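Visitor: A single structure is presented below for examination.
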């Protein structure tokens with residue numbers, strides 16, 4: 001799903017409005033029917049909040065199941081108020097929070113034959129989903145910036161899923177990859 005500047009701006013405004021709606025007590029999700037494609041099409045997204053450069057919340061969906069504009073709206077609220085790693089965003093913190101929206105491509109299966117094979121062949125810079133009957137987790141492509149060493153990337157992804165590194169040698173484990181188009185309000189200022 002390729003987005004132009006106007007669509008990106010609309011998604012960022014939608015994310016900001018969602019958080020404002022919670023603070024005002026009037027949560028009114030947008031009607032996807034009033035938006036043109038691709039915003040009205042089914043899509044998957046993540047919304048990331050940063051304060052002073054530090055992560056303040058990040059929630060999203062890997063599986064597309066609702067119109068993209070609605071997905072961004074709901075994920076913005078979840079990132080601000082329901083990320084279990086952080087307390088709910090307060091009104092006092094809200095000024096200066098930077099928003100990032102990531103629009104995901106469909107995930108693709110990444111077949112592998114155990115940990116060594118995965119370590120050797122997994123491309124860097126892609127989003128990764130780890131699925132196992134006992135846990136599931138994902139890292140967006142930009143996580144590679146913070147975890148550029150592949151062993152550490154895979155180890156922390158397993159821990160995020162509540163599993164250990166041995167999960168990659170379990171035949172029940174599935175790995176999927178995807179790409180994401182990520183953008184912030186600052187990204188659009190110069191365009």
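All of the numbers you see were taken from the coordinates with simple rules; none came from a lab. Predicted model, so just to flag it, every value in this text is computed and none were measured. Every residue, glycine among them, receives a Cβ derived from its backbone with ideal geometry; neighbour counts consider all protein chains shown.
Visitor: As a footprinting exposure proxy, order 34, 103, 62 by other Cβ within 10 Å, with the fewest listed first.
Guide: Least crowded to most crowded, the residues run 34, 62, 103.
Visitor: Using only Cα atoms, what is the ratio of the radius of gyration of the stretch 5-104 to 2.2 N^0.38 Å?
Guide: In units of the globular-protein estimate, the stretch 5-104 measures up at 1.00.
Visitor: Relative to a virtual label point 7 Å from the Cα of residue 54 in the Cα→beta-carbon direction, which members of the stretch 82-104 show backbone nitrogen distances below 17 Å?
Guide: 83-99
Visitor: To continue, here is another question. Which FRET efficiency, nearest 0.05, do residue 188 and residue 165 yield, Cβ-Cβ r, R0 35 Å?
Guide: Efficiency computed from Cβ-Cβ geometry: 0.35.
Visitor: Taking the chain as the reference, fit the longest principal axis to its C-alpha atoms, fit the long axis of helix 150-160 to the helix C-alpha atoms, and give the angle between the two in degrees, 0 to 90, nearest 10.
Guide: Tilt relative to the chain: about 70 degrees.
Visitor: Let me ask something else about it. Which three extents, in whole angstrom, do the alpha-carbon atoms of the stretch 108-191 cover along their principal axes, largest first?
Guide: Result, largest extent first: 48, 24, 22 Å.
Visitor: Multiply the residue gap between residue 93 and residue 151 by 0.36 nm, knock off their C-alpha separation, and tell me the result in nm, one decimal place.
Guide: 17.4 nm is the gain from fully extending residue 93 to residue 151.
Visitor: As a test of the formula, what do you get for the chain when each DSSP H run with n ≥ 4 contributes -39,500 (n - 2.57) and the sum is divided by the residue count, at 222 nm and rounded to the nearest 500 deg cm²/dmol?
Guide: -9500 deg cm²/dmol
Visitor: If you build the Cα gyration tensor of the stretch 134-178 and take the root of 5 times each eigenvalue, what three semi-axes come out, in whole angstrom, biggest first?
Guide: Sorted largest first and rounded, they come to 18, 11, 9 Å.
Visitor: Right, something else. Can you give the angle from 0 to 90° between the axis of helix 68-81 and the longest principal axis of the chain, with both taken from C-alpha atoms, to the nearest 10?
Guide: Roughly 80 degrees, rounded to the nearest 10.
Visitor: For residue 17 and residue 117 in one chain, what is 0.36 nm times their gap in residues minus the Cα-Cα distance, to one decimal in nm?
Guide: Length gained between residue 17 and residue 117: 31.6 nm.
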